[in-house]
Amino acid sequence: MFIRFWGTRGSIAKPGPSTIRYGGNTSCVELRSSRGTLVVLDCGTGAHGLGQALARSEPRPLHGHLLIGHTHWDHIQGFPFFTPLFVPGNEWHVYGPRGVGTSLRETLSGQMQYNYSPITLDALGATLHYHDLVEGTLEVGDIHVTTQYLNHPALTLGYRLEVDGVTVVYSTDHEPHSRIRASGSTEPIVGQDSRHAQFLADADLVIHDAQYTADEYPSKTGWGHSTIEYAVELAVCARVRRLALFHHDPARDDAAIDRLVDSARDRVARAHGVTRVFAAAEGLVLELARDAAVTSSIGGPAETARTNPALTADRSVLVAVVDPLVDRRLRDAVDADGLQLLTVQAGDTLASLVQSERPSLIFVQRALRDDDVLQSCRSVRRDPASTAKNVPIVMAREGESPAEQQLEAEAGITDWLIWPFSETYARTRIRAWLLGEACRWKPAPMAPDEDRRLGALQECGLLDTAAEERFDRFTRIAAALFDVPIALVTLVDRDRQWFKSRRGLDVSETARDSAFCAHAILSDDVLQVQDALADDRFADNPLVTGEPRVRFYAGAPLTLKNGTHAGTLCVIDHRARNLDNGQLQLLRDLAKLVEREFQPGSAVVRN
């Protein structure tokens, strides 16, 4: 993988004699896979130099992908000056976070209106394709990309790119979710900061926002940027191999950046870490080679980041807080985006209101009247009939307490909103929570005994073996017996589900993240999904919205000799269905017969 930095500065371009070595242009990074897929990360003023270089050296037509983290000016100002966009025959795909009511194309067009620019968006000669993204995965050429929301006053996505056995994470602009982490605290990482660390985990290179120091942060809280200390601490904890400090503050000269790099390296040494820290500099080129020790997290071709969730006024937000200032700020944020506001009235309990009103997002505070908020959250999460088991529940609190927040997390709190916060910040966070909730698709969690399960699955010796009549007869029978177009014997591997036998389906495997069977193996009984479009776990699943357009699913788990589940015997239809008790028992019976073929001594023919 080839990487070159074209712009490393944050907030505003700062060219001049004091920024010669690290550069004065704003964010822009070039990345190429070994097969030649061209990706441009952000389009700040650094894009001007990259565009000229591409125009001089690249054959025409030129095809590329532009991934924009967010649409603040320092990340898109170079867009109207990016030469390849003006060349007829060139083709570019432009990606960025889905807004609320405004598309990516509309936002980019806004900075090219007559009042600001002599050239409009429609005047660009290249063919442009716009892709509004949410959290999820997508394929960009041969590069597997994972997107994740960052903590910034505008909807912002970070990008994790995996190709050629190499992983690069681009994470700017991002503020610690926990303010105490800005100092580089070594307290256990919890909540959304833990999720961010997982996003960085085991990467070969992380390009991370590091605009402030811990001493500067108190006067910059809420501005949406990281400290050097935070970036280093998370990189060490996440076992990152190389950390590029990025988005340099415009007030910081080359000598000051040198001092920060020295400080960051000392911090890594004190933590006994292995992360190599350097400051991103304009013109710096990195070539990251395949590392056999790297384990890719690529799960398959399913694309979920392009999902188009409906974020409309019928989405409701329940505000159940006691502090009048917090209450007013949250109400204003909800109203500003035209969302439906729900509040706790006299005689209401939190649990009953959640069940009756079915909010899309819930804000709570401790000491809400006499109601035990944490107990109510536990009830919502544990009630199998609850419609809000997966709804984000956010605790609004003043100050942070890791011990208390750990208890709150155990009770079902999803995230925290720390007071004081601005209306703008609250609106951005609400949008991120709602967009995540609006994507009605939930990958299955790993089984509690996953390592034992995978070990037994490998021992059975069936993965990646040739088709066999002893399994195919069962999918034929199941398809005819239940009158379905698709019947499968599936094996759920670490990152995929593979089909030992398939009837009515051309592909031999799919990503585990999108697999219905990954949910089915978590139970000892049949999982029946009567209508996937009406089920929040599956409605936006790529196997539902795209081919093979699953509408009905029933899967009986196949049990291995150690009691864990290898996969399923499942039946699928393109229309909503409901198997009665007798039919469900027949599916269980067939699955038991399939399990007998797993026993030692059964013939196995490998590909």
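The values are calculated or read from the model by the stated rules, or taken from the named source; none is laboratory data. In this text, all values refer to a predicted model and were calculated from it rather than measured experimentally. Glycine also receives a Cβ, built like all others from the backbone with ideal geometry; neighbour counts cover every protein chain displayed. Protein only, heavy atoms only, side chains kept; ligands, DNA and RNA dropped before computing areas. Shrake-Rupley method; radii C 1.70, N 1.55, O 1.52, S 1.80 Å.
For GLY125, work out the one condition from (1) more than 15 Å from ASP42 (Cα to Cα); (2) in contact with an Asp or Glu (Cβ under 7 Å, 6 or more places away or on another chain) it doesn't fulfil.
Of (1) more than 15 Å from ASP42 (Cα to Cα); (2) in contact with an Asp or Glu (Cβ under 7 Å, 6 or more places away or on another chain), only one is false for GLY125: (2).
Do we have ILE12 as in contact (Cβ under 8 Å) with a residue 60 or more places away in the chain, touching a Leu at 6+ places or on another chain (Cβ under 6 Å) and either crowded, with 19+ Cβ neighbours inside 10 Å or closer than 19 Å to GLN111 by Cα (or both) here?
Answer is no for this residue.
Residues of region 562-607 being at pLDDT below 95 and basic (Lys, Arg), which ones?
Of everything in region 562-607, those that are at pLDDT below 95 and basic (Lys, Arg) turn out to be ARG575, ARG577, ARG596, ARG606.
State all residues of region 161-196 that are without any contact (Cβ under 8 Å) to a residue 60 or more places away in the chain and of a type in the set (D, E, K, R); if no residue qualifies, say none.
If the condition is that a residue be without any contact (Cβ under 8 Å) to a residue 60 or more places away in the chain and of a type in the set (D, E, K, R), then GLU175, ARG181, ASP193, ARG195 are the ones that fit.
For region 436-483, give me the residue count where each residue is polar (S, T, N, Q) and either modelled with pLDDT under 80 or in contact with a Lys or Arg (Cβ under 7 Å, 6 or more places away or on another chain) (or both).
2
What are the residues in region 102-122 that are touching a Phe, Trp or Tyr at 6+ places or on another chain (Cβ under 8 Å), open to solvent by 60 Å² or more (accessible area, probe 1.4 Å) and not β-branched (Val, Ile, Thr), if any?
The answer is ARG105, and nothing else.
Based on what the data block shows, is THR213 out of contact with any Cys (no Cβ under 8 Å at 6 or more places or on another chain), over 30 Å from THR107 (Cβ atoms), buried (at least 18 other Cβ atoms within 10 Å of the Cβ) and polar (S, T, N, Q)?
Yes; evaluated as a whole, the condition is true for this residue.
Scan region 56-97 residue by residue and report those that are open to solvent by less than 20 Å² (accessible area, probe 1.4 Å) and aromatic (Phe, Trp, Tyr).
Once the filter is applied, which keeps residues that are open to solvent by less than 20 Å² (accessible area, probe 1.4 Å) and aromatic (Phe, Trp, Tyr), region 56-97 yields PHE79, PHE82, TRP92, TYR95.
Within region 128-146, take every residue that is open to solvent by 40 Å² or more (accessible area, probe 1.4 Å) and in contact with an Asp or Glu (Cβ under 8 Å, 6 or more places away or on another chain) and give me the one that is nearest to THR510 (Cα to Cα).
That would be GLU139.
Considering only residues that are open to solvent by 30 Å² or more (accessible area, probe 1.4 Å) and out of contact with any helix residue (DSSP H, G or I) (no Cβ under 7 Å at 6 or more places or on another chain), look in region 165-185 and name the one that is nearest to ILE393 (Cα to Cα).
ARG179
Identify the single condition in (1) touching a strand residue (DSSP E or B) at 6+ places or on another chain (Cβ under 6 Å); (2) modelled with pLDDT under 80; (3) of a type in the set (D, E, K, R) that ASP370 does not satisfy, given that it satisfies every other one.
For ASP370, the exception is condition (1).
List the pairs whose first member sits in region 259-278 and is open to solvent by 40 Å² or more (accessible area, probe 1.4 Å), whose second member is aromatic (Phe, Trp, Tyr), and whose Cβ atoms are under 9 Å apart, counting only residues at least 6 apart or on separate chains?
That search, which allows pairs on different chains as well, returns ARG265/PHE278.
Of the conditions (1) surrounded by fewer than 23 Cβ atoms within 10 Å (Cβ to Cβ); (2) touching a Pro at 6+ places or on another chain (Cβ under 9 Å), TYR149 satisfies every one except a single condition; which number is it?
(1)
Can you list the helices (runs of 4 or more DSSP H) found entirely within region 506-607 that contain at least 2 residues being open to solvent by 70 Å² or more (accessible area, probe 1.4 Å)?
So the answer is 581-596.
Name the pairs: first residue in region 232-248 and open to solvent by less than 20 Å² (accessible area, probe 1.4 Å), second residue hydroxyl-bearing (Ser, Thr, Tyr) and assigned to a strand (DSSP E or B), Cβ to Cβ under 9 Å, at least 6 apart or on different chains?
Close Cβ pairs satisfying both conditions: PHE246/TYR170; PHE246/SER171; HIS247/THR26.
Does ALA478 fit the bill of being assigned to a helix (DSSP H, G or I), hydrophobic (A, V, I, L, M, F, W, C), in contact with a strand residue (DSSP E or B) (Cβ under 9 Å, 6 or more places away or on another chain) and open to solvent by less than 10 Å² (accessible area, probe 1.4 Å)?
Considered against the rule, which asks whether it is assigned to a helix (DSSP H, G or I), hydrophobic (A, V, I, L, M, F, W, C), in contact with a strand residue (DSSP E or B) (Cβ under 9 Å, 6 or more places away or on another chain) and open to solvent by less than 10 Å² (accessible area, probe 1.4 Å), ALA478 comes out as yes.
Residue check: is ASP202 acidic (Asp, Glu), crowded, with 22+ Cβ neighbours inside 10 Å and in a loop (DSSP other than H, G, I, E, B)?
Judged against the criteria, ASP202 is not a match.
With a cut-off of at least 1 residues that are closer than 20 Å to ASP204 by Cα, name the strands (runs of 3 or more DSSP E) lying wholly within region 111-189.
Qualifying strands (runs of 3 or more DSSP E): 136-140, 143-149, 157-163, 166-171.
Every residue in region 482-492 that is touching a Gly at 6+ places or on another chain (Cβ under 9 Å) and buried (at least 19 other Cβ atoms within 10 Å of the Cβ), please.
Hits for region 482-492 are VAL484, ILE486, ALA487, LEU488, VAL489, THR490, LEU491, VAL492.
For ALA518, all conditions in the list (1) touching a Phe, Trp or Tyr at 6+ places or on another chain (Cβ under 9 Å); (2) at pLDDT below 95; (3) closer than 26 Å to GLY136 by Cα hold save one; what is the number of the exception?
With respect to (1) touching a Phe, Trp or Tyr at 6+ places or on another chain (Cβ under 9 Å); (2) at pLDDT below 95; (3) closer than 26 Å to GLY136 by Cα, ALA518 is out only on (1).
May I ask you to list the residues in region 389-428 that are part of a helix (DSSP H, G or I) and without any contact (Cβ under 8 Å) to a residue 60 or more places away in the chain?
The answer is ALA403, GLU404, LEU407, GLU408, GLU410, ALA411.
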